[in-house]
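Take a look at the structure below.
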């Protein structure tokens, strides 16, 4: 896991070094002379050899370090992810500011699409071949082919502009425990949640349905029925637990991805989360910010993988270590 | 193959038997609608069974053995299968009984053992949990009592140190142990009727004998009726009182086990017996029945076996291909064949 993160950080770092943007030129502003660019280069630490820069950067993840040109150094507190080339603000602060928005958006969407995706998928599997099943499968096909910009803008137009049921997304709310209370939090993020859930639950419906139909055909389900168990026990205790593992895998991966920032959704609903911040940083060649968000996203995906493995062990005794 | 003479009176699978039989199946049919048409998996089965008796249902794959057992268990309820006929059990018709009432019978009054114990046991729950669960559905008991009952049952089916084995998962068990656990699960509520669907097919030969002995033993203890579904005639000879030979979803011959073996009256049964490898025969010489079983989508108009029957021309006039024979019962021994008794005897003696 640590090795994987190191590899990701190294690759990201290399890519930025190879990239066409010159952060020093960008940082020195409009009235730039070659001398000032050189100064800026020193100030940003970009005069150092590549490996020195990389090792300096990695050191900052574990301890505070000094940053800036010799003579004008400032302390970068742990965890030091560098300072923004654009605003000179600590990257750790920028991320700390963006994260709550991303969390707020991810958690609600996650709950919403898991419930609808697994619920409808299960319903379709139980009613296989019926009109209910056909409707759900059809709706899932439509849902999966609707891109976020379409659903997002449509939702905004309908609920905010036309019906005035919901307020436009504001940056002031990023936690259900804020002064505005959980109600305002839900109202603020409901539309992005729905937009994400429409997209994600479609694939959850299909995966759940396929796996549950397969599981309901298993011999152990017949055994459970032969014991005289209630249909609910057969469906949930014996069926769902066995058929849900692929959904757990998907969920783990998607959580990891979503925590790294939902770029499109954040753009459309103007939520200043990680994805939003990353896009702006990348456009303006703000290496430390982009770097940090990329690493963080990779970290989330890797952690999600570990959590999925642990969840597997909890569900399936056959994968438990002896 | 050992064959012990039968001491108990037989329940004959005779159509004119009174409705007072413990299990009385009349004209049981199962059809599955498919995209290609109606598949007739079982066509008009008749048999009766008394407590303490063992009925063997024999036939090759696709002959309708397993579907018959699933229809009796009510496992086809809620599916697209069309089950018709009557199956009287303790005054209730298993065919028309609603699922909720059927559920009360399943596990408690009718137990079932399946072919492959690895896939039939839930991989995510301990063996003990699954057995205790079967006990808890039908008994008002605490989890602790259920555990005690399950551990006791595991011991009775011959699983060593059942207290520890209770908490192990199916994948920790060997094939034979798994089938013992399966039997424990089926018998924990002491059902009066036990249906075993190829219980020994997935097991190796030495374990097969142990499992059969165990089932016979437990059957004797509880005086339950047993329906043993198998394609293994050796198994039938060992444990069954009566035999019902199925072909293409129909009963082609039925009767007491020694009559089926020594007074065979149907060419298909003769073929089955003849196809069994013998110890003194040449190892390379197997005698299969030529041809394939008929498609259940489109059953022949005449005798279902006629296409594969070597003796159809003995009847003459192509009767076998045109007219389906009825099941004729003579002193508890039924056959569905146009050949006359003397003709069959001649055939039997000629081979």
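No value in this document is a laboratory result; all are computed from the given coordinates. Only a predicted model underlies this, so the values are computations on that prediction, with no experimental measurement involved. Positions of Cβ are backbone-derived with ideal geometry, glycine not excepted, and every protein chain shown enters the neighbour counts.
If you take the residues in region A:203-248 that are part of a loop (DSSP other than H, G, I, E, B) and either more than 13 Å from chain B (Cβ to nearest Cβ) or touching a residue at least 12 places away in the same chain (Cβ under 8 Å) (or both), which one is surrounded by the fewest Cβ atoms within 10 Å (Cβ to Cβ)? Only one residue tops the list, namely A:218. Take region B:136-156 and flag every residue that is part of a helix (DSSP H, G or I) and within 12 Å of chain A (Cβ to nearest Cβ). Passing the criteria: B:136, B:137, B:138. Evaluating residue B:133 against the criteria (1) touching a helix residue (DSSP H, G or I) at 6+ places or on another chain (Cβ under 7 Å); (2) facing chain A (nearest Cβ under 9 Å); (3) buried (at least 17 other Cβ atoms within 10 Å of the Cβ) leaves one unmet condition, (1).
Tell me which residues, restricted to region B:23-72, are touching a strand residue (DSSP E or B) at 6+ places or on another chain (Cβ under 9 Å) and in a loop (DSSP other than H, G, I, E, B). Those that are touching a strand residue (DSSP E or B) at 6+ places or on another chain (Cβ under 9 Å) and in a loop (DSSP other than H, G, I, E, B): B:50, B:51, B:52, B:53, B:59, B:60, B:62, B:63, B:64. Being more than 9 Å from chain A (Cβ to nearest Cβ), in contact (Cβ under 8 Å) with a residue 40 or more places away in the chain and within 19 Å of the chain's Cα centre (by Cα) is a property that residue B:76 has.
Taking the conditions (1) in contact (Cβ under 8 Å) with a residue 40 or more places away in the chain; (2) surrounded by fewer than 20 Cβ atoms within 10 Å (Cβ to Cβ); (3) under 20 Å from residue A:228 (Cβ atoms) in turn, residue B:190 satisfies each one other than (1). Would region B:197-204 turn up any residue that is in contact (Cβ under 8 Å) with a residue 60 or more places away in the chain, closer than 21 Å to residue B:53 by Cα and part of a strand (DSSP E or B)? Yes, region B:197-204 contains at least one residue that is in contact (Cβ under 8 Å) with a residue 60 or more places away in the chain, closer than 21 Å to residue B:53 by Cα and part of a strand (DSSP E or B). Residue-level analysis places residue A:313 among those that are surrounded by fewer than 20 Cβ atoms within 10 Å (Cβ to Cβ), over 24 Å from residue A:205 (Cβ atoms) and either within 13 Å of another protein chain (Cβ to nearest Cβ) or without any contact (Cβ under 8 Å) to a residue 12 or more places away in the chain (or both).
Checking A:186, A:198 one by one, the residue that is away from chain B (no Cβ under 14 Å), crowded, with 23+ Cβ neighbours inside 10 Å and either in a helix (DSSP H, G or I) or in contact (Cβ under 8 Å) with a residue 12 or more places away in the chain (or both) is A:198 and no other. The set of residues from region B:83-108 being within 14 Å of chain A (Cβ to nearest Cβ) and assigned to a strand (DSSP E or B) comprises just one member, B:106. Selection of region B:109-124 for residues being more than 7 Å from chain A (Cβ to nearest Cβ) and surrounded by fewer than 21 Cβ atoms within 10 Å (Cβ to Cβ) yields B:109, B:115, B:118. Among the residues of region B:157-198, those identified as closer than 19 Å to residue B:224 by Cβ and away from every other protein chain (no Cβ under 13 Å) are B:157, B:158, B:180, B:190, B:192.
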